[in-house]
1. What angle, in degrees between 0 and 90 and rounded to the nearest 10, separates the Cα long axis of helix 295-306 from the longest principal axis of the Cα atoms of the chain?
2. At a Förster distance of 51 Å, what's the computed FRET efficiency of Q22 paired with T233, Cβ-Cβ distance as r, to 0.05?
3. Roughly what would the spin-label model give for K122 and D96, points 7 Å off Cα along C-beta, in nm?
4. Work out how far the C-alpha atoms of the stretch 100-194 reach from end to end along every principal axis, then list the three figures in whole Å, largest first.
5. Pick from R14, R83, R236: which is most flexible by mean-square fluctuation in a GNM of the chain where alpha carbon atoms under 10 Å apart are linked?
6. Given the Cα-Cα distance of V157 and A203 and 0.36 nm per residue of separation, how much length would full extension add, in nm?
7. Report, to the nearest whole %, how much of the accessible area of the stretch 260-376 belongs to carbon and sulfur atoms, 1.4 Å probe, protein only.
8. Once both axes come from the Cα atoms, what is the angle between helix 6-23 and the longest principal axis of the chain, in degrees from 0 to 90, rounded to 10?
Amino acid sequence: MSLFTVPEYESRLRKTKLLMEQRGIDVLLVTDPANMNYLTGYDGWSFYVHQMVAVFAEDAEPFWIGRKQDANGAKLTTWLDHRNILPYPEDYVQSDEHHPMDFVVDLLHQRRKAHASIGVEKDAYYFTAACSETLQQGLPDATFINATLLVNRVRIVKSPEEIGLMKNAARLVQKAMTIATQSIEVGARECDVAAKVYHAQIAGLEDIGGDYPAIVPLMPSGRKTSCSHLTWTDERYRDGDTVILELAGCYKRYHSPLARTLTLGKAPQAVQDLADVVVEGLEQAISAVKPGVTCADIDQVWRNVIEPRGYSKDSRLGYSVGMNYPPDWGEHTASIRKGDRTVLRPNMTFHMIAGMWTDDYGVEISETFCVTENGAQVLAAVPRRLFQNL
């Protein structure tokens, strides 16, 4: 049974087809698992083999195309008529003789789309060079258009139901972050804390269980906090360590990320000073959020705080976030950074990650928020400060 109502999926499909029409696309081949889920409800760990959702401009429903072994999963999780679930045979799976895109080519020939304008997600993680070559060789008279972010741009404004799922994800990350900050102590192994974080993320709360987040817990310690994307090791925490925690709650594939930083013992003055600036800049940037301003406007508010203090941040301040699968919970559309003229609208959701790193240490403090008519609604309720485990 699909997660949302059929009218919601039909609304998403209409918006997608409108963008297809504007781009002159007759058929859209969607391979991003999150976009497949968004349009059909399909939810399975099957993206290690080739799969897609095909949207034909003239059809009321899209088609799910995937491995025969996964077809029953499509029947159970999507809103599609079972006639629109098209499995390919097992000898197409990781084969030197057949490629799943050959199956798609045959379908497009059957549907008289050999000369059509076909949109493909060229920069999606799971659309390979072999996928592209197979389609082009099998459809030499078709016109291929890069439609990488077409569905992502529809996803950027959430429905009230989606916002509700993200609020549940925020409740999950509150629990995970609390357990993480309480578990980190001198002598504890990083991997043992990571295990507690995973348990909290997945076990969830009494009324809701958790899902697997699209990104593993990022939790560097010591000098490794100068790096933004390191995970855990089997090393033990030491007195004086600074530790960064970037986690997410995930509920029904919808994410609410959250980052906090703590020190074991009294924080070094340089770390405390950086944390103070990060918190002030984050709070000022969040307070500037409202419909009609741009991502670049929010970034400038942040810079107006940190730059007079002698700090700089080369990386973006945030990005749109929502439903996703590994390896990323971001939506790959709007970024809170200089030059991004995306205008904020109600029910857009962002992860604002105020992180800065030196060669020896770093500080990350972040919030996931929803744009409302009255400003930003922060989803999680965790103290916005540098934690110190004394």
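The values are calculated or read from the model by the stated rules, or taken from the named source; none is laboratory data. Since the structure is predicted, the reported quantities are computational estimates derived from the model, not experimental observations. Cβ atoms come from the backbone with ideal geometry, glycine included; neighbour counts cover every protein chain shown. Each accessible area value is taken on the protein alone, full model and side chains, heavy atoms only, with ligands, DNA and RNA left out. Shrake-Rupley method; radii C 1.70, N 1.55, O 1.52, S 1.80 Å.
1. So the helix axis and the longest Cα principal axis differ by about 20 degrees.
2. Details: r = 49 Å, r/R0 = 0.96.
Efficiency at R0 = 51 Å is approximately 0.55.
3. Rounded to a tenth, the inter-label distance reads 3.1 nm.
4. 64, 35, 19
5. Checking each option, the largest mean-square fluctuation is seen for R83.
6. 13.7 nm
7. Result for the stretch 260-376: 44 percent of the exposed heavy-atom area is carbon or sulfur.
8. Taking the Cα atoms of the chain, the angle to 6-23 is about 80 degrees.
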